[in-house]
Amino acid sequence: MPDDTDTASAGAGADPEDAFALIGNETRAAILRALGETPHEGVSFSDLRSRVDAEMDSGQFNYHLSQLVGQFVDRDDDGYTLRSEGLALYRQIRAGTFNRRAAVEPFEIGLDCYFCGAPVEGEYEDGTFELRCPGCDHVYSHAQLPPSTVETGDVQNLLERVDQYNRHEMLAYARGVCPTCVSPLDTEFVRGEDVWSEGSERFDVFVGSECDHCGARHYMSVGLAVLYHPAVVAFFHDHGVDVTSRPHWELAWAMTDESLTVRDTDPWEVALEVERDGETLELVVDEDVSVEASRS
């Protein structure tokens, strides 16, 4: 655990506006791209200049490179390498987050809506991938993803990757960690009628998480919040189902409140019962989102 001095030092640095201004120049952006191709190998000044623009004046190139050193680039006896900040920015550029646009027309994902029976559709537009029912407008998934998400692979592969990405975020929220800034979260039960998202009124309650540091806010069903609980994973494994890889939108008990009973609201206590092959798993979740599991 860092002491107060270390924590203060970790928070220091350039203003975000100044940091982004540094890579607003074409040459500096090209330097980041060149170093990103071999992120863990030192590159000499001459080699780096030849990769970016061999015709550029050495003094001019050195000026642009020096602007990046310390903020996005490190320099040592082996040459120049990307700092972690530079590597993160390079990967965002490669993903097309800042400079590319892509779209995928609505397509059926092979799931009928749990609420109205219409085929659920997937669509990607303006950096957002969404699974939505065109019949009742219920949203099954909403994620901000870079264009690279939809630029490779077929539809089935795309859905598998989106499922795993969503799980990555949901698991972090469920464990009380902000997936954006890695700060601790405040977590509580929230009535469905108090959540703004499409279709939230169809749920009795959500597990809500909020980050006081970066402002991230997330709501998910109780089923999704306990999806990776050891008792859940073991129960389904014993019945031949891998809940860590099956698309989460195909798990009706996690995507609806049909298996949920609200036992109390002051303090909160809810029970989730999942049946498989004649055996029932009961999960009792309390105010602190702690879980007690039993089988019968």
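Pairs needed: first member in the range 25-38, surrounded by 20 or more Cβ atoms within 10 Å (Cβ to Cβ); second member anywhere, of a type in the set (Gly, Ala, Ser) and at pLDDT below 90; C-beta distance under 8 Å; at least 6 residues apart or different chains.
Within 8 Å, the pairs are Leu32/Gly86; Leu35/Gly86.
Only one of these is surrounded by 13 or more Cβ atoms within 10 Å (Cβ to Cβ), of a type in the set (A, V, I, L, M, F, W, C) and modelled with pLDDT of 55 or more: Ala14, Ala21. Name it.
Just one listed residue meets the conditions, Ala21.
List, please: which pairs have Cβ atoms under 6 Å, are six or more places apart or on different chains, and start with a residue in the range 228-241 that is in contact (Cβ under 8 Å) with a residue 40 or more places away in the chain and end with one that is not in a loop (DSSP other than H, G, I, E, B)?
From residues that are in contact (Cβ under 8 Å) with a residue 40 or more places away in the chain, the pairs are Tyr228/Leu171; His229/Val291; Ala231/Ala293; Phe235/Leu281; His239/Arg276.
Determine whether the range 213-233 contains at least one residue that is of a type in the set (Ser, Thr, Tyr), within 21 Å of Asp112 (Cα to Cα) and surrounded by 13 or more Cβ atoms within 10 Å (Cβ to Cβ).
Scanning the range 213-233 turns up at least one residue that is of a type in the set (Ser, Thr, Tyr), within 21 Å of Asp112 (Cα to Cα) and surrounded by 13 or more Cβ atoms within 10 Å (Cβ to Cβ).
Leu89: more than 25 Å from Ser209 (Cβ to Cβ), surrounded by 15 or more Cβ atoms within 10 Å (Cβ to Cβ), modelled with pLDDT of 90 or more and in contact with a Phe, Trp or Tyr (Cβ under 7 Å, 6 or more places away or on another chain), yes or no?
Judged against the criteria, Leu89 is not a match.
Quick check, is Val205 touching a residue at least 24 places away in the same chain (Cβ under 8 Å), buried (at least 17 other Cβ atoms within 10 Å of the Cβ), at positive phi and among the hydrophobic types (A, V, I, L, M, F, W, C)?
no
Step by step: first the residues of the range 92-109, then only those that are out of contact with any strand residue (DSSP E or B) (no Cβ under 8 Å at 6 or more places or on another chain) and free of Cβ contacts under 8 Å to residues at least 24 places away in the same chain, then the one that is surrounded by the fewest Cβ atoms within 10 Å (Cβ to Cβ). Which residue is that?
Looking at the filtered set, the residue picked out is Asn99.
Mind checking whether some residue in the range 101-108 is closer than 30 Å to Asp266 by Cα and not small (Gly, Ala, Ser)?
No: the range 101-108 contains no residue that is closer than 30 Å to Asp266 by Cα and not small (Gly, Ala, Ser).
Does the range 140-153 contain at least one residue that is within 23 Å of Tyr114 (Cα to Cα) and in a helix (DSSP H, G or I)?
No: zero hits.
Tell me the helices (runs of 4 or more DSSP H) entirely within the range 38-99 that contain at least 1 residues that are within 30 Å of Gln144 (Cα to Cα) and of a type outside the set (Lys, Arg).
Per the criteria, 58-68, 84-95.
Can you name the condition, by its number, that Tyr173 falls short on among (1) within 15 Å of the chain's Cα centre (by Cα); (2) surrounded by fewer than 16 Cβ atoms within 10 Å (Cβ to Cβ); (3) touching a residue at least 40 places away in the same chain (Cβ under 8 Å)?
(2)
Need pairs with beta-carbon distance below 7 Å; first residue within 13 Å of Thr149 (Cβ to Cβ) and within the range 125-136, second hydroxyl-bearing (Ser, Thr, Tyr); sequence gap 6+ or separate chains.
Qualifying pairs under 7 Å: Phe129/Thr149; Glu130/Ser141.
The values are calculated or read from the model by the stated rules, or taken from the named source; none is laboratory data. Remember, it's a predicted structure, so these values are computed and weren't measured experimentally. For neighbour counting, all protein chains shown are included, and Cβ atoms are generated from backbone atoms with ideal geometry for every residue, glycine included.
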